[in-house]
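The values are calculated or read from the model by the stated rules, or taken from the named source; none is laboratory data. Quick caveat, the model's predicted, so the values are computed rather than measured. The area values use the complete protein model at the heavy-atom level, side chains included, leaving out ligands, DNA and RNA. Shrake-Rupley method; radii C 1.70, N 1.55, O 1.52, S 1.80 Å.
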Amino acid sequence: QVQLVESGGGLVQAGGSLRVSCAASGRTFSSYVMAWFRQAPGKNREFVAAISRSAGSTYYADSVKGRFTIARDNAKNTVYLQMNSLKPEDTAVYYCAAGAGYYLWTGENKYDYWGQGTQVTVSS
């Protein structure tokens, strides 16, 4: 019922900034909790950030807290991840995900729809 397409990934030097976006189809975008996950080569997918349906609440992984900001524009059916002070260890494929309900889950299995991912590479 929901299609998600990420964009905005690319190459950035350490200390730089990048914003990735996730565009969702349909009129039901505001009914979903949205989240970002990332997966580096050889590692499991890990939670990055989540945002509530009305954008009133956010939750971040400790590894990105203070550096990353998740936001959403329900009128544009888009969720964003602003990444500042990037580190080489932030290099990964970044995925957006949508889940029903109210809670800001950190587990992959709590989200129903996934994008294809966008590559973010941070050079040292």
note = Sorted by chain and then number, the residues having a modelled amide H within less than 5 Å of the amide H of ARG72, at least 5 places away or on another chain, are TYR80
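Using a probe radius of 1.4 Å on heavy atoms only, what accessible surface per residue do you get for segment 49-124? Whole Å² is fine. Provide the component values of the computation, followed by the final result.
Numbers: 3790 Å² over 76 residues.
The answer is 50 Å² per residue.
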message = I'd like the antiparallel share, as a percent to the nearest 5, of DSSP beta bridges with both residues in the chain.
response = 90 percent
query = What percent does the relative contact order of segment 1-41 come to when contacts are Cα pairs within less than 8 Å and at least six residues apart?
reply = 41 percent
remark   = The relative contact order of the chain, taking Cα pairs under 8 Å that sit 6 or more residues apart, comes to a percentage of 36 percent
ask   = Tell me, what % of the accessible area of segment 1-111 is carbon and sulfur with a 1.4 angstrom probe?
value = 46 percent
Under 22 Å from the Cα of LYS110 - lysines, other chains or at least 8 residues apart = LYS43, LYS65
